[in-house]
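Below is one structure; the comments refer to it alone.
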Amino acid sequence: MAEGTAEAPLENGGGGDSGAGALERGVAPIKPQYLTTKEQFHQFLEAKGQEKPCRETEVGDSAGNDLAEPEAKRIRLEDGQTEDGQTEEAAEPREQPQTQKRARGQNKGRPHVKPTHYDKNRLCPSLIQESAAKCFFGDRCRFLHDVGRYLETKPADLGPRCVLFETFGRCPYGVTCRFAGAHLGPEGQNLVQEELAARGAQPPPVRNGLDKALQQQLRKREVRFERAELALRRFSQGQPPGPTPAAAVPEGTVAKGAPRQDNCGAQQVPTGLGTSTPPSSPVRTCGPLTDEDVVRLRPCEKKRLDIRGKLYLAPLTTCGNLPFRRICKRFGADVTCGEMAVCTNLLQGQMSEWALLKRHQCEDIFGVQVSARPEGGSAEGPSAALSQSQVPGLPWLPPRTPGLSCGVGVLVLDVPLTVKIRTGVQERVNLAHRLLPELRDWGVALVTLHGRSREQRYTKLADWQYIEECVKAASPMPLFGNGDILSFEDANHAMQTGVAGIMIARGALLKPWLFTEIKEQRHWDISSSERLDILRDFTSYGLEHWGSDTQGVEKTRRFLLEWLSFLCRYVPVGLLERLPQRINERPPYYLGRDYLETLMASQKAADWIRISEMLLGPVPPNFVFLPKHKANAYK
């Protein structure tokens, strides 16, 4: 059992309520009529929900192997032990080290199995985009130009409906779409719904894209950030924090031909960000040029941040992607934040890193999270400034060196700067209460405190008593709290500490409808069919975001599987003896009220893949999935 469950008080998930006495502490109290054994649980799933499944155990169960662990990871953790032929005497001395390794949390040592190609014969992009008269690559093109030959080797369609065609009136993937039958004419031409396509062209559904010209300038290091450099010089000379004198701030410079910003929310890059030109120079903008674009704002004129009492979706690595955030917005999340982006990668113009900054038009209050580089920070100011030019939101700068990170950020940015921190580095050495007054003096608009140390991870419950102490230390600066919120009771208890609001992380992964429960102050006994509809919406959003060709479908599937590795920990409300479920209570083996509910409770990757096949069709040959995260909430 987890260390935290042994030390946690009963009101924080100790599991000592009446009716749960038959279960060990740290296990969700499920009604006895639903409980079952591991062997019967998996036999029921293999029997497709039949009343009397076979009593024979699966291969590997008799040896005591944990079916929640993928085979490849289990072999790695056993340091070379084979699944067959290993005696129990030889395995016993390794049991304790194996448990300690699994309890570490993130599965960083997993083998990364990535396909080298998605189609043997990939069609040329010029044909996909209907530009057959001119190939983008000329004589050097390595792609296929014969559409008939491509269709002969293309896999069968995955379904009769194309989400992109139904949503936007046109599918940009043409014949490569895995649902191409919905929008291909009798001669293989790509059909277009003119009225729907014209209506869906404005505004763009996804914003904050990186302009190609700006990307080239970043890669060639032609973009200068004079305002950030000036701020860094001030700090290196030991000057106190404060607004930069207007006369001392030079205008930013860039190579000829400043790029046009494709985000209409940022009409022109503000002066000093390194991507603007003097007012007298001609420059293309997405809207009218205002004084704010060319005149630096004074500190008192900067935008104010007031999100007190709002529900904040935490920036979640891997799972906090744009389709998942759309799901959470639909269920009542007020504020969303992109996944962590590394500042040096942003400054190098890496498209994979800039993709983390994209937001959907439904994300009205949106922030980007910019992390410090490992060696500690002078690139944070420029990267935050560059992010602001693309994303008019709430940049996040975790302060490796608080004075440098926050000082430069406050001086450079015209949007509010917020910071997310933990209690400290070491488990029993809290440092946040000493750091918060410094952040307040630097002008940080808001701080979110995760009630755990960096070394602690999820081995114990979040320390909300310490968060309450930090609220007083941070005053009058608003402080958000984060940690272990899985029900509206948890949210109410957290708000009693005096925090300005709460940030929800793992709770949203286990049940994204948590935001609705908090706002409506109720427990939602959601059915398995409703949960499947949520997953179906996620796949539709994923196909919109990542594409409907083979590559986009499999990327959607992989992110869906990563999310399912968290969703399986949710226990339906109608099965619990005591409400609510605590985030540190692991679910025992149980049979749900129907087959689908039982299938969603499985912690086997093979069963997650089976659910994905219900939504995205069969997996391709040699498909391998190893989850990035273990069930660290219950170890």
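Estimated at 0.36 nm per residue, the fully extended path between Asp537 and Glu194 surpasses their Cα-Cα distance by 121.0 nm.
Taking R0 as 30 Å, what's the FRET efficiency between Ala606 and Glu24 from their Cβ-Cβ distance, rounded to 0.05? All intermediate terms of the calculation are to be shown ahead of the outcome.
Numbers: r = 27 Å, r/R0 = 0.90.
Here the calculated transfer efficiency is 0.65.
The phi torsions of region 159-176, fed into the Karplus equation with coefficients 6.51, -1.76 and 1.60 and a -60° offset, translate into couplings of x, x, 10, 10, 5, 5, 5, 6, 8, 10, x, 7, 9, x, 8, x, 6, 7 Hz, rounded to whole numbers, with Gly and Pro shown as x. By a 1.4 Å probe calculation restricted to protein chains, Leu322 has an accessible surface near 10 Å², given to the nearest 10.
What's the magnitude of the charge dipole for region 528-602 around its Cα centre, counting Lys and Arg as +1 and Asp and Glu as -1 at the beta-carbon? Answer in Debye, nearest 20. Present the calculation step by step, with values, prior to reporting the outcome.
Details: 10 positive and 11 negative charges, 63 e Å.
Using only the charged Cβ atoms, the result is roughly 300 debye.
Taking all protein chains together and rolling a 1.4 Å probe, His545 ends up with roughly 50 Å² accessible. Close Lys pairs in region 519-635 (alpha-carbon distance under 29 Å; sequence gap of 8 or more, or different chains): 7.
Only protein heavy atoms count here; under a 1.4 Å probe, Val410 has an accessible surface of about 30 Å².
Arrange the residues Cys135, Cys337 by how much accessible surface each exposes, largest first, with a 1.4 angstrom probe. Don't skip to the end; give the middle numbers.
Numbers: Cys135 30, Cys337 0 Å².
So the residues, ranked largest to smallest area, are Cys135, Cys337.
Add +1 for every Lys or Arg and -1 for every Asp or Glu among the other residues with Cβ under 11 Å from the Cβ of Arg452, and state the total. It would help to have the intermediate numbers written out before the result.
On the way: positive: Arg422, Arg454, Arg457, Lys460; negative: Glu427, Glu455, Asp463, Asp484.
Every neighbour counted, the sum reads 0.
Could you check the spin-label model distance between Glu530 and Glu427? Points 7 Å from the Cα along Cα→Cβ, value in nm. About 3.9 nm separates the two model spin labels.
Nothing charged except the Cβ atoms of Lys and Arg (+1) and of Asp and Glu (-1): what's the magnitude of the dipole of region 413-549 about its Cα centre? Round to the nearest 20 debye.
On the way: 16 positive and 19 negative charges, 102 e Å.
Approximately 480 debye in magnitude.
Taking 0.36 nm per residue of separation and subtracting the current Cα-Cα distance, fully stretching the chain between Phe136 and Lys31 would add 31.5 nm.
Just by accessible area at a 1.4 angstrom probe, what is the order of Arg434, Arg586 from largest to smallest? Please report the intermediate quantities before stating the final value.
Numbers: Arg434 165, Arg586 65 Å².
The most accessible residue leads, giving Arg434, Arg586.
Computed from backbone phi, the HN-Hα couplings of region 139-153 come to 5, 7, 4, 9, 8, 7, 10, 9, 5, x, 5, 5, 5, 5, 9 Hz, rounded to whole numbers (Karplus: 6.51 cos²θ - 1.76 cosθ + 1.60, θ = phi - 60°; Gly and Pro given as x). Taking amide H as placed 1.01 Å from N in the peptide plane, the amide H of Arg122 sits under 5 Å from that of Leu144, each at least 5 places away or on another chain.
Expressed as a whole percent, the accessible surface of region 444-532 that belongs to carbon and sulfur atoms is 48, based on a 1.4 Å probe.
For Ile30, the residues 5 or more places off, or on other chains, whose built amide H falls under 5 Å of its own are Glu577. In terms of accessible area, using a 1.4 Å probe and ignoring ligands and nucleic acids, Asp490, Asp306, Asp463 rank largest first as Asp306, Asp463, Asp490. Any of Lys48/Lys511; Lys220/Lys329; Lys31/Lys460; Lys31/Lys310 with alpha carbons more than 31 Å apart? Name them for me. Pairs exceeding the cut-off: Lys220/Lys329; Lys31/Lys310.
The values are calculated or read from the model by the stated rules, or taken from the named source; none is laboratory data. Just so you know, these numbers come straight off a predicted model, no measurement behind them. Reconstructed Cβ throughout: ideal geometry from the backbone, glycine too, with neighbour counts over all protein chains shown. SASA here: full protein model, heavy atoms, side chains in, ligands and nucleic acids out. Shrake-Rupley method; radii C 1.70, N 1.55, O 1.52, S 1.80 Å.
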